[in-house]
Amino acid sequence: MQRYIIFRVGQSILTLLVLTVIVFSLARLSGDPLDVLLPLEATNEDAERLRAAWGLDRPLYVQYFTFIGNALTGDFGDSLRVRGRTAMSLVLERLPNTAALAGVAVIVAIAIAVPIGVMSAVKKDTAFDYIGKLIALFGQSLPAFWLGLMLMWVFAAQLGWFPVSGNEAGPISYILPAVAIGWFQVAALMRLVRSSMLDVLDTEYVKLARIKGIPEWKVVWKHCLRNAAIAPFTYFALIIGSLMVGSVSIEFVFAWPGVGRLAVDAAVTKDFPVVQAVVITFCLVYIIANLLVDIAYAYVDPRIRYN
Amino acid sequence: MVRPTILAAVAAALLLVIGVACGGTSQEQTAPAAQSQPEQPQTQPQEQQQAPAAEQATAADPPTAVPTVIATATPSPTNTPTAAQETTALGGTLRIATIPPVQQLTGSWLGTTTSANTQVRPFTDPLVHTDRFDGSLVPGLATSWKANEDGTQWTFFLRDDVDFHGEWGPFTAHDVPTSAALIIREDAIATDTGLFRGLFGDTEEELLTNIVALDDNTVQFNLKTPNSLMDFFAGAQQGNLFVYSKNQYETDGIEQLQENPAGVGPWVFESRTIDVNVKYTRNDDHYRRAPFFQAMEYVLIPEETTRLAQLQTSAVQIGEVSRELHLDAQSSGLAVLQSELPSIQVAFIIGGIYNPEEAGPCLTEEFQNCFYQPDEPHLNPMVREAINRSINRQEINEQLFGGIGRQHTVWGYHPALPGYNPRWTEEFDEKYGFDPEKARQLLQESGYEGYKLKLLLTELPGVPEMIPMGEAAFTYLSNVGIDVETEAIKWSDYRAKYYRPGKTHGTIAATRGTYRPADITLRFYNRSGGAGFWRTSVDPMTDILYDTATQSVDPEVKAQALSDLGDLKFDLYSEVPIVWLPAQIVVAPAAIGEMVWPGNINASFTHTEYITPAAQ
């Protein structure tokens, strides 16, 4: 087990290192931040002065090793767009908002997907099952940003039940963006729950439970669901990554002050330090989540080992 | 036993994350509470106190007055407030949904004029104010000003009754050199950084020898080269010279000045949360106009349909919404207001006609040697006329701008600005009118029939119609036989690839500029040296006339030079002017009574202190 964990940790570090090269290179290839940030009237001399002040005039490999060296200490440099602030301070300021939104989105996904998934399995090939499949179809085919705009239009602008945007109204402001982000996961999670439930419903111990006269609701919701939940649980690691990525468009639409929106603004203005800090943080979250699930999986199932 | 444990642990961790995150909203950087000022007589210009209720400008409204942008040759008494007048805040919090500025800042030296005018202008003032009705330069912190005969020395006479917010003491002339020095800092990114370095020196030490406080209420600017627009640069229209407290800078340092700046504006900076909002409170004691609202908040929302929804739900009272959503806004009971003056000029720029950097100053009979390529089709005025003749301006105005555009005859010039020649208006249809047949004929006569032209499809903030305008131009130009190649390109890439390295020759691209004295625009587009990236000059007299206009403080000489330069541009078809557009903003009529702003300041809206709540 120890060797497996060491191997997976090493693999994760290597992945992260490769990612730093990719992120650094792509950020530079996307253009010069001075072409976005400088006023139209700025002269070439102004551009050169700032390039020197920001260290952008140094050779790329020097910039890269400086970036890596500083990144190891959590220092991604100063934001070029929000002057006077470090890139990491902006990310850390936003991370709780994105994590909270992702958390609520997970709850929304579970709250919708699990009951529908369970009932679709129990009532297989009935109208309920077909409706469940339809929901899954919509969930996977509707773009999150479009769904977000529609939810905003109906429930905020027309009905006035929820705030239009931002997070300043408290818990109620989480509902619409969380539904918009979580809806895609509803589809995937529901299908997973349904297929797992179908497997479990057909097992001997479930038949035994029924023979013993245990009420059907108890058989389904207690005995079957508990066993069927293992597969969806492992899916959570992927969900976390998807929710982080999904937050980019939804945070933009709902003016949510999270990391996703920070990433968009930074990318548009070619704010290298912030782009690098955001992407590395996202990747780190994703890698750690996958690592933990892999380790947990290996712990739960001793058959899983890397040679 | 393992599975429930893991599930429980995950669930607990999830709840913990949510709990922490829900309670962990972004920290606001809060300014120290402003000292409540003792009740003092409100000193306010009588003229502005009694300003007539503004009528909502319509597309047909002509500019209301000629802005005064020429230096006053001698000091003259201005509308210094004399009467003590009391003002009372009527409204609660004025909430405005805005596009997040490219640079979120409290220091005007850290971003473009547009960013500064949006965020800095509420809490601090420039020396020279801009009239909200006619856009003219009027006294602000300076009650009057004068220039010497050759425009190398400007003296500003300052108010003696203004205090900085908080505990930073009175505003004096000593605050001005300190504020100006911020603009030339090594890390400055202001619109005027290059200009101020050129006029006053590259270092703070040098600048402080050229901008000096003569006494507490007089500051003198000694310029390295003559400039007739120093009062303009001391204002907010183009400039970055907002006043900061020398006392705060020296006591707290630059970081604190950026985080919690004390100003002298009608609003007191309260706090900002990056990408969320900027908050201000009312300065009850402002010398010009204490706001009609108790507080103001900019709500920063990137998606415009979200801004519109905020307006529709009354979460905000004012919002920046693009023209394509105006009908939706109006159908839901919102009103679209326009600035008093035109705000934006839109044109196609025929780029890079000559290259003075390789050929030296283009002021001699060897002007032809300055051109990039001797056989460049755009050097031929007949080709440029053909391009102009091929464009259907009326169709562009009606289809893309909803008919709100006003005639634009010469890039950089407006009928209400100095140097405009009425002949251009009279002759425009005759010389520039849509005539594809004539365009084809001109191309044939010039020998450039079917020549290759690169049309760059790019967009600048404020005019999303630039891309469809370019697409329309593709049709118009192709229709007269020009072999048009298009390239969709982001503005930043256009800048990097074409105009910053001076390689705009052979291209045409839509652009937009602001309403400002013509020489400011010409400096950027037409002059051969300095910031003349586009280099669209078509005559060797361009630089001579430009220098005469910029350096003369005699209004007549200046206007004549500008007029002569405009004649050259008009007669030689140096650009493809399209329309003048007003600034527009969407408001909730149920909440907003009057909102008047000139539109000639680089920002979507200004003069927020004058916005009144709707009568209940």
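Looking at segment B:269-281, is at least one residue polar (S, T, N, Q) and within 11 Å of chain A (Cβ to nearest Cβ)? Within segment B:269-281, one or more residues are polar (S, T, N, Q) and within 11 Å of chain A (Cβ to nearest Cβ). Restricting segment A:243-294 to residues that are of a type in the set (D, E, K, R) and over 23 Å from A:GLY77 (Cα atoms), the residue that is nearest to the other protein chains (Cβ to nearest Cβ) is A:GLU251. The set of residues from segment B:106-117 being modelled with pLDDT under 85 and assigned to a loop (DSSP other than H, G, I, E, B) comprises B:GLY111, B:THR112.
Scoring A:VAL122 on the criteria (1) away from chain B (no Cβ under 14 Å); (2) on the phi > 0 side of the Ramachandran plot leaves a single failure, condition (2). Those helices (runs of 4 or more DSSP H) of segment A:9-100 in which 1 or more residues are within 29 Å of the chain's Cα centre (by Cα) and at pLDDT 90 or above occupy A:60-71. B:TYR546: modelled with pLDDT of 80 or more, over 22 Å from B:PRO418 (Cα atoms) and assigned to a helix (DSSP H, G or I), yes or no? For B:TYR546, the condition - modelled with pLDDT of 80 or more, over 22 Å from B:PRO418 (Cα atoms) and assigned to a helix (DSSP H, G or I) - is not met. A single member of B:GLN345, B:GLN317 is among the polar types (S, T, N, Q), modelled with pLDDT of 65 or more, buried (at least 23 other Cβ atoms within 10 Å of the Cβ) and within 19 Å of B:TYR573 (Cα to Cα), and it is B:GLN345.
The single condition from (1) outside any loop (DSSP other than H, G, I, E, B); (2) more than 30 Å from B:ILE99 (Cα to Cα) that B:TYR448 fails is (1).
Among the residues in segment B:359-378, are any of a type in the set (S, T, N, Q) and either within 18 Å of B:ASN479 (Cβ to Cβ) or at pLDDT 55 or above (or both)? Yes, segment B:359-378 contains at least one residue that is of a type in the set (S, T, N, Q) and either within 18 Å of B:ASN479 (Cβ to Cβ) or at pLDDT 55 or above (or both). Scanning segment B:424-466 for residues that are within 26 Å of the chain's Cα centre (by Cα) and without any contact (Cβ under 8 Å) to a residue 24 or more places away in the chain yields one hit, B:THR425. No other residue among A:LEU142, A:LEU198 is over 29 Å from B:ASP328 (Cα atoms), out of contact with any Leu (no Cβ under 9 Å at 6 or more places or on another chain) and more than 11 Å from every other protein chain (Cβ to nearest Cβ) apart from A:LEU198. Scanning segment B:404-420 for residues that are within 10 Å of B:PRO577 (Cα to Cα) and of a type in the set (A, V, I, L, M, F, W, C) returns B:VAL410, B:TRP411. Just so you know, in segment A:33-89 the residues that are among the basic types (Lys, Arg) and within 12 Å of chain B (Cβ to nearest Cβ) include one that is surrounded by the most Cβ atoms within 10 Å (Cβ to Cβ), and it is A:ARG81.
Within the set B:GLY450, B:GLY481, B:GLY433, the sole residue that is farther than 28 Å from B:ARG523 by Cα and surrounded by fewer than 16 Cβ atoms within 10 Å (Cβ to Cβ) turns out to be B:GLY450. For A:PHE252, state whether it is touching a residue at least 24 places away in the same chain (Cβ under 8 Å), crowded, with 20+ Cβ neighbours inside 10 Å and under 26 Å from B:THR306 (Cβ atoms). So A:PHE252 fits the description; yes. Only one of the numbered conditions (1) away from chain B (no Cβ under 11 Å); (2) surrounded by fewer than 15 Cβ atoms within 10 Å (Cβ to Cβ) is violated by A:ARG226, and that is (1).
Are there any pairs with C-beta distances below 7 angstrom linking a residue in segment A:164-184 that is touching a residue at least 40 places away in the same chain (Cβ under 8 Å) and closer than 21 Å to B:ARG307 by Cβ to a residue that is assigned to a helix (DSSP H, G or I) and of a type in the set (Phe, Trp, Tyr), with the two at least 6 apart or on different chains, and if so which? Going by the 7 Å Cβ cut-off, the qualifying pairs are A:LEU176/A:PHE155. Could you figure out which of (1) surrounded by 24 or more Cβ atoms within 10 Å (Cβ to Cβ); (2) within 14 Å of chain A (Cβ to nearest Cβ) isn't true of B:PHE221? Going through (1) surrounded by 24 or more Cβ atoms within 10 Å (Cβ to Cβ); (2) within 14 Å of chain A (Cβ to nearest Cβ) one by one, B:PHE221 breaks only (2).
The values are calculated or read from the model by the stated rules, or taken from the named source; none is laboratory data. Computed from a prediction, not measured in an experiment: that's the story for all the values here. Because the Cβ atoms are built from the backbone with ideal geometry, glycine has one as well, and the counts that use them run over all protein chains shown.
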